[in-house]
Amino acid sequence: MLRKIEHIGIAVKSLDNSNALFSKLFGKDHYKIENVESEGVSTSFFILGETKIELVAATNETSAIAKFIEKKGEGIHHIAYDVENIYAEIERLKAEGFELINPEPKRGADNKWICFLHPKSTNGVLIELCQEIIEP
Ligand code: ZN
């Protein structure tokens, strides 16, 4: 079961420019900036009540974000849902016929195990599953 929207990911060209823009819009600053080298992205996070907004910028030309912006321009990139057990959800969604981009969870930004569903199996919406990483 997907429990709630954990965050909405927005693809941006410049993290600096967009941090300034969204700070003005939200009336508050981001609470963290994090590079995810394996994905070739730099991210920043804002929290509004229970909802987080993630700005994602490419750090190299081969990053999926660079390709996304080239094709579609800046804008909403993905919706991330909080799950209790990412392995169980991956199995459940596979059995339901959804296609996964990465069938094994990987470490994402903001201390999460993440997994993406292919938008061609979800009406064009890129879906991210995320589970909080609890270090022993
Ligand atoms: Zn995300």
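Among the residues of region 48-71, count how many are in contact (Cβ under 8 Å) with a residue 12 or more places away in the chain, surrounded by fewer than 17 Cβ atoms within 10 Å (Cβ to Cβ) and over 15 Å from S14 (Cβ atoms).
4
What residue, of I127, I114, is touching a Cys at 6+ places or on another chain (Cβ under 6 Å) and aliphatic (A, V, I, L, M)? I'd like the intermediate steps shown before the answer.
Values: I127 fails: touching a Cys at 6+ places or on another chain (Cβ under 6 Å).
Only one candidate passes the filter, namely I114.
Pairs needed: first member in region 6-22, over 17 Å from K72 (Cβ atoms); second member anywhere, more than 16 Å from the ligand (Cβ to nearest atom) and not in a helix (DSSP H, G or I); C-beta distance under 9 Å; at least 6 residues apart or different chains.
Final answer for the pair search is N19/D29.
Any idea which residue in region 60-71 is farthest from W113 (Cα to Cα), counting only those that are in a loop (DSSP other than H, G, I, E, B) and more than 16 Å from the ligand (Cβ to nearest atom)?
Start the filter on region 60-71 by keeping residues that are in a loop (DSSP other than H, G, I, E, B), which leaves 60-63.
Still in the list and also more than 16 Å from the ligand (Cβ to nearest atom): 60-62.
Values: N60: 23, E61: 24, T62: 22 Å.
If we take residues in region 60-71 being in a loop (DSSP other than H, G, I, E, B) and more than 16 Å from the ligand (Cβ to nearest atom), then E61 is farthest from W113 (Cα to Cα).
Name the pairs whose Cβ atoms lie under 6 Å apart, with the first residue in region 94-112 and closer than 14 Å to H78 by Cβ, the second among the polar types (S, T, N, Q) and surrounded by 12 or more Cβ atoms within 10 Å (Cβ to Cβ), and 6 or more positions between them or separate chains?
Sorted first by the residue in region 94-112, then by its partner, the pairs are A109/T43.
Hey, could you check region 72-92 for residues that are within 15 Å of the ligand (Cβ to nearest atom) and either assigned to a helix (DSSP H, G or I) or not β-branched (V, I, T) (or both) and say which is surrounded by the most Cβ atoms within 10 Å (Cβ to Cβ)? Walk me through how you get there before you give the answer.
Restricting attention to region 72-92, the residues satisfying the condition of being within 15 Å of the ligand (Cβ to nearest atom) are 75-83, 86.
Subsequent filtering for residues that are either assigned to a helix (DSSP H, G or I) or not β-branched (V, I, T) (or both) retains 75, 77-78, 80-82, 86.
Numbers: G75: 10, H77: 20, H78: 20, A80: 23, Y81: 17, D82: 16, I86: 19.
Checking each candidate, the answer is A80.
Could you please give the count of residues in region 72-107 that are within 24 Å of A57 (Cα to Cα), among the small types (G, A, S) and over 14 Å from the mean Cα position of the chain (by Cα)?
1
So, of the residues in region 107-129 that are part of a loop (DSSP other than H, G, I, E, B) and at negative phi, which turns out to be nearest to the ligand (Cβ to nearest atom)? Show your work before the answer.
Of the residues in region 107-129, the ones part of a loop (DSSP other than H, G, I, E, B) are 109-111, 118, 122-126.
Filter once more, so that each one left must be at negative phi: 109, 118, 122, 125-126.
Working: A109: 7, H118: 15, T122: 15, V125: 13, L126: 9 Å.
Across region 107-129, the extreme among qualifying residues is A109.
Applying the selection to region 1-47, what residues are surrounded by fewer than 17 Cβ atoms within 10 Å (Cβ to Cβ), part of a helix (DSSP H, G or I) and within 16 Å of the ligand (Cβ to nearest atom)?
E37, S38
Search region 50-59 for residues being out of contact with any Ser or Thr (no Cβ under 7 Å at 6 or more places or on another chain) and modelled with pLDDT of 95 or more, and hand back the single one that is farthest from the ligand (Cβ to nearest atom). Walk me through how you get there before you give the answer.
Just the residues of region 50-59 that are out of contact with any Ser or Thr (no Cβ under 7 Å at 6 or more places or on another chain), to begin with: 50-53, 58.
With the extra rule that they be modelled with pLDDT of 95 or more, the set shrinks to 52-53, 58.
Working: K52: 9, I53: 10, A58: 14 Å.
So the residue we want is A58.
The values are calculated or read from the model by the stated rules, or taken from the named source; none is laboratory data. Here the structure is a predicted model, which is why all the values come from computation and not from measurement. Cβ: placed from backbone, ideal geometry, glycine included. Neighbour counts: every protein chain shown.
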